[in-house]
Amino acid sequence: MRKKIWLAGLAAAAVSLSGCGAPGSSPAEPSAEAAPAAAMAPVEVELAAAAATYKYVFPVQAKNASYHKTHSGYPATDIFAACGKPFVATTSGVVLEVSRVDKYKKGGPDGPYNGGKFVSILGDDGVRYYGSHLSKVTAGVKKGVRVKAGQSLGKVGKTGNSSGVCHVHYGISPACKKTGDWKVRRGVVWPASYLTSWRKGGQKSPAKAVAAWNKKNNCKA
């Protein structure tokens, strides 16, 4: 008997939250507390469905690639691998910025040319992924071009302020001004936990962490 009463109560609660009454009766006016829950449900379902479609891959195709959990000065990481190893798109998206020429001058101040040759993309998840110190950028990769997860963007190198060591400087950030905002572009969210997930075939997304950073900092790094 108690089970029947409990089930009936759940049914009644569901009817109340949906704003629907019994057949033939007038719809009940939704309460102030019920309205937000009803309004949020479709949004949460839509976001969950969208997140499930994102595919992430480890951005450097080298079995012995290594990286650190920390980075000097700001949240980013360096992915070490032999020069010439492929650097690929972390996820599907659109190319934001490309530098095919190494404009870095040794001894100069920090600035947008530190990365040497680089590529940044805006993923479909709303996150910008940046890789620099490349030895070359793949032919056909240019601003506005759409790329797929795992597609070649360039080759590991040591251009720019790389200390002469083959690696990819890897940064995760919001797109903000989309181009030119090098202090944000170089990285604002620690990548290591995501890299570890992707390397194991996981699909951990940095989208929430990036959105939280941007809400707090408003694109100022």
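The values are calculated or read from the model by the stated rules, or taken from the named source; none is laboratory data. Quick caveat: nothing in here was measured; it's all calculated off a predicted structure. Methodologically, a virtual Cβ is constructed for each residue, glycine included, from the backbone with ideal geometry; neighbour enumeration extends over all protein chains shown. All accessible areas refer to the heavy atoms of the entire protein, side chains included, with ligands and DNA or RNA removed. Shrake-Rupley method; radii C 1.70, N 1.55, O 1.52, S 1.80 Å.
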**Study point:** Residue in the stretch 147-156 that is farther than 23 Å from Tyr54 by Cα and at pLDDT 95 or above present
**Key:** yes
**Study point:** Residues of the stretch 96-143 satisfying the condition of being in contact with a Leu (Cβ under 7 Å, 6 or more places away or on another chain) and among the polar types (S, T, N, Q)
**Key:** Ser120, Thr138
**Study point:** Hits in the stretch 189-201 (condition: open to solvent by less than 50 Å² (accessible area, probe 1.4 Å) and either modelled with pLDDT under 95 or assigned to a loop (DSSP other than H, G, I, E, B) (or both))
**Key:** Val189, Pro191
Check your understanding: In the stretch 80-95, how many residues are over 14 Å from Gly154 (Cα atoms), in contact (Cβ under 8 Å) with a residue 60 or more places away in the chain and among the aliphatic types (A, V, I, L, M)?
Key -> 0
Check your understanding: From the list Lys215, Lys204, which residue is modelled with pLDDT of 95 or more, closer than 20 Å to His68 by Cβ and surrounded by fewer than 16 Cβ atoms within 10 Å (Cβ to Cβ)?
Key -> Lys204
Practice item. Pull up the stretch 157-188, narrow it to residues that are farther than 25 Å from Gly108 by Cα and crowded, with 20+ Cβ neighbours inside 10 Å, then point me to the one that is modelled with the highest pLDDT. Key: Pro174
Review point. For Arg128, which of the numbered conditions (1) among the charged types (D, E, K, R); (2) part of a strand (DSSP E or B); (3) open to solvent by 50 Å² or more (accessible area, probe 1.4 Å) fails to hold?
Key: (3)
